[in-house]
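Trainee: Pasting a structure here, questions to come.
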Amino acid sequence: MAASTILLLETDPAAGTLLSGILSGVGYQLTTVADPDEAFRLAADHNLVVIDLLSAGRDPVEVCREIRRTPALAAIPVLCVAQSDDVEARIRFLEAGADDVMAKPFDARELEARVEALLLRFRRSRDLSPLLTGDGKQAGGRHLIAVFSPKGGVGTTTIAVNVATAIAERSPGRAAIVDLDLQFGQVATHLNLTPRQTMAELARDDAALREPELIRSYSNHHDSGLDVYAAPLSPELAELITPEQVGLLLPTLTAAYDHVVVDGGHALDERTMTVFERADIVVLPVPPEFAALRALRVLMDYLTDAGTVTPKTMLVVNHLFARDVLNMRDVEGALGGKVVAEIPYDPVVYLKAVNEGIPVVRGAPRSSAAERLVKLSSMVSDEGAAPAAQVERRSGLLGGLLHRA
Ligand SMILES: Nc1ncnc2c1ncn2[C@@H]1O[C@H](COP(=O)(O)OP(=O)(O)O)[C@@H](O)[C@H]1O
Ligand SMILES: [Mg+2]
């Protein structure tokens with residue numbers, strides 16, 4: 001088995017050398033960073049985060065709290081190192097959601113034991129789920145994943161299709177994608193499908209909108225094991241699908257499948273608001289570009305005012321351009337929120353994927369684009385997560401972050 005990876009957040013070089021020396025000495029792979037924002041972006045790639053000393057002005061307790069509030073990082077344990085054996089300091093870490101706290105000075109064996117215990121505890125809870133609830137549905141993981149952008153051409157469909165395909169490859173027959181970009185939706189194109197049935201036909205069948213077994217007959221099967229609910233074939237048919245029908249079909253789909261990904265398109269209307277309300281997580285892709293950032297900020301402010309989406313939003317930067325003018329700090333500053341994932345630029349793979357109708361995760365599985373998209377699919381679906389109640393308790397990303405801005 002590959003060595004467990006540990007992310008160490010540390011500003012004191014001597015303490016960093018000591019901690020990483022102990023842990024790499026017993027076989028762990030260490031990454032040490034001094035910047036909490038960088039730690040945020042790297043956390044998902046590690047099995048454990050250790051927070052030690054931070055530079056002046058950054059409170060380790062707050063950093064711990066922010067990590068614990070981020071739904072995408074719910075499955076990663078956090079060990080905090082208190083600078084003295086003061087009970088108050090340790091309690092503050094625990095209240096901020098630290099999974100364990102260790103006080104200085106400590107013995108190397110204590111550090112090893114705590115790290116090993118945490119890794120084991122989290123691995124075991126991952127292995128135990130998905131748990132079955134009384135109605136036979138999976139309790140762990142997220143059922144309804146929406147992807148939406150106020151601006152077009154930013155990778156919404158690319159992300160929705162690749163995330164859904166990656167989930168379906170892990171769970172064939174148990175994942176669906178719904179194209180709610182109802183006027184000009186391109187999900188079927190990205191998957192090289194000619195739909196037999198679309199949302200327009202489904203909308204006319206009231207029984208199918210309510211019955212998990214019946215709704216499946218409106219899906220188009222993709223080789224990956226993904227069921228595709230395609231957009232109508234002509235823009236004027238979009239009006240046939242009402243917000244009430246969207247409200248009916250979403251719970252029916254989540255009863256029929258373990259994971260349902262919605263391509264929400266770019267129009268904010270009652271239908272997409274229904275999606276936001278019902279979704280377990282809303283992925284907001286954004287390129288590091290000013291107009292897109294502005295549009296997204298307006299959307300986020302609107303949703304916060306409308307009281308809709310708060311705790312379940314996930315900002316994903318999609319590097320659409322060969323060269324970025326804005327860096328991650330600019331992006332996070334403009335949005336007032338943390339970016340938890342980045343999708344890399346590529347001049348060829350995405351374009352080829354759309355033209356051939358083969359998603360990147362299948363057509364170019366070794367590309368770094370595919371690697372990132374697969375990673376994102378696990379983050380958003382949280383397949384290995386603890387039961388929903390625990391995930392809920394830890395969520396709250398956007399609520400807290402928006403108000404800081
Ligand atoms: N990271 C990226 N690098 C390069 N091209 C990309 C990237 N992400 C998406 N694209 C391309 O950008 C175009 C728009 O993507 P799409 O997913 O259709 O956006 P949207 O659904 O938001 O309108 C597509 O041609 C896609 O291949
Ligand atoms: Mg699209």
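The values are calculated or read from the model by the stated rules, or taken from the named source; none is laboratory data. Because the structure is predicted, anything quoted here is derived from the model rather than measured. For neighbour counting, all protein chains shown are included, and Cβ atoms are generated from backbone atoms with ideal geometry for every residue, glycine included.
Trainee: Of the residues T165, T194, only one is within 16 Å of ligand 2 (Cβ to nearest atom) and either farther than 22 Å from V286 by Cβ or among the hydroxyl-bearing types (S, T, Y) (or both); which?
Mentor: One residue alone meets the criteria, T165.
Trainee: L23 - would you say it is surrounded by 15 or more Cβ atoms within 10 Å (Cβ to Cβ), under 17 Å from A56 (Cβ atoms) and of a type in the set (A, V, I, L, M)?
Mentor: no
Trainee: Could you check the stretch 204-240 and list, in sequence order, the residues that are under 17 Å from A176 (Cα atoms) and of a type in the set (A, V, I, L, M)?
Mentor: A208, L209, L214, I215, L226, V228, A230, A231
Trainee: Now a separate question. Take residues that are under 18 Å from H143 (Cβ atoms) and touching a Leu at 6+ places or on another chain (Cβ under 7 Å) and tell me which of the helices (runs of 4 or more DSSP H) falling wholly in the stretch 176-217 contain 2 or more.
Mentor: The qualifying helices (runs of 4 or more DSSP H) are 206-210.
Trainee: Quick one: how many residues across the stretch 167-191 are of a type in the set (K, R) and either surrounded by 22 or more Cβ atoms within 10 Å (Cβ to Cβ) or closer than 21 Å to G247 by Cα (or both)?
Mentor: Of the residues in the stretch 167-191, 1 are of a type in the set (K, R) and either surrounded by 22 or more Cβ atoms within 10 Å (Cβ to Cβ) or closer than 21 Å to G247 by Cα (or both).
Yes/no matrix, rows are residues, columns are (1) of a type outside the set (A, V, I, L, M); (2) within 24 Å of T189 (Cα to Cα):
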| position | (1), (2) |
| --- | --- |
| L214 | no, no |
| E236 | yes, yes |
| L248 | no, no |
| T274 | yes, no |
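Table: residues versus (1) surrounded by fewer than 20 Cβ atoms within 10 Å (Cβ to Cβ); (2) of a type in the set (A, V, I, L, M, F, W, C); (3) at pLDDT 90 or above.
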| site | (1), (2), (3) |
| --- | --- |
| V81 | no, yes, yes |
| A98 | no, yes, yes |
| R123 | yes, no, no |
| L128 | yes, yes, no |
| G140 | no, no, no |
| T165 | no, no, yes |
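Trainee: Select from the stretch 27-79 the residues that are modelled with pLDDT under 85 and either outside the structural domain of A103 (by TED's automatic domain parsing) or farther than 18 Å from V316 by Cβ (or both) and list them in ascending order.
Mentor: L54, S55, A56, G57
Trainee: Going residue by residue through the stretch 275-292, is there one that turns out to be surrounded by fewer than 16 Cβ atoms within 10 Å (Cβ to Cβ), among the small types (G, A, S) and not in a loop (DSSP other than H, G, I, E, B)?
Mentor: Looking for residues that are surrounded by fewer than 16 Cβ atoms within 10 Å (Cβ to Cβ), among the small types (G, A, S) and not in a loop (DSSP other than H, G, I, E, B), one finds at least one in the stretch 275-292, hence yes.
Trainee: Ok, one more. Do the conditions hold for L250, that is, is it assigned by TED's automatic domain parsing to the domain that holds K312, away from ligand 2 (no atom under 16 Å from the Cβ) and either touching a strand residue (DSSP E or B) at 6+ places or on another chain (Cβ under 9 Å) or closer than 15 Å to A160 by Cα (or both)?
Mentor: Yes, satisfied.
Trainee: Taking the stretch 192-220, which residues are within 28 Å of G152 (Cβ to Cβ), surrounded by fewer than 24 Cβ atoms within 10 Å (Cβ to Cβ) and within 27 Å of the chain's Cα centre (by Cα)?
Mentor: Within the stretch 192-220, N192, L193, S219, N220 meet the criteria.
Trainee: Please give the number of the condition E332 fails out of (1) of a type outside the set (G, A, S); (2) away from ligand 1 (no atom under 16 Å from the Cβ); (3) assigned to a helix (DSSP H, G or I); (4) out of contact with any Lys or Arg (no Cβ under 7 Å at 6 or more places or on another chain).
Mentor: (4) is the only condition that E332 fails.
Trainee: In the set D12, D86, D37, D45, which member is without any contact (Cβ under 8 Å) to a residue 24 or more places away in the chain, of a type in the set (D, E) and out of contact with any Gly (no Cβ under 8 Å at 6 or more places or on another chain)?
Mentor: Matching residue, one of D12, D86, D37, D45: D86.
Trainee: With the structure loaded, tell me whether D12 is in the same structural domain as R109 (by TED's automatic domain parsing) and surrounded by 16 or more Cβ atoms within 10 Å (Cβ to Cβ) or whether it fails that test.
Mentor: no
Trainee: Test L401 against the criterion of being of a type in the set (A, V, I, L, M, F, W, C) and either at pLDDT 90 or above or not in a helix (DSSP H, G or I) (or both), and give yes or no.
Mentor: For L401, the condition - of a type in the set (A, V, I, L, M, F, W, C) and either at pLDDT 90 or above or not in a helix (DSSP H, G or I) (or both) - is not met.
Conditions tested, residue by residue: (1) within 16 Å of ligand 2 (Cβ to nearest atom); (2) within 29 Å of H46 (Cβ to Cβ).
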{"site": "H266", "(1), (2)": "yes, no"}
{"site": "E277", "(1), (2)": "no, no"}
{"site": "V282", "(1), (2)": "yes, yes"}
{"site": "P288", "(1), (2)": "no, yes"}
{"site": "A322", "(1), (2)": "no, yes"}
{"site": "K338", "(1), (2)": "no, yes"}
{"site": "A341", "(1), (2)": "no, yes"}
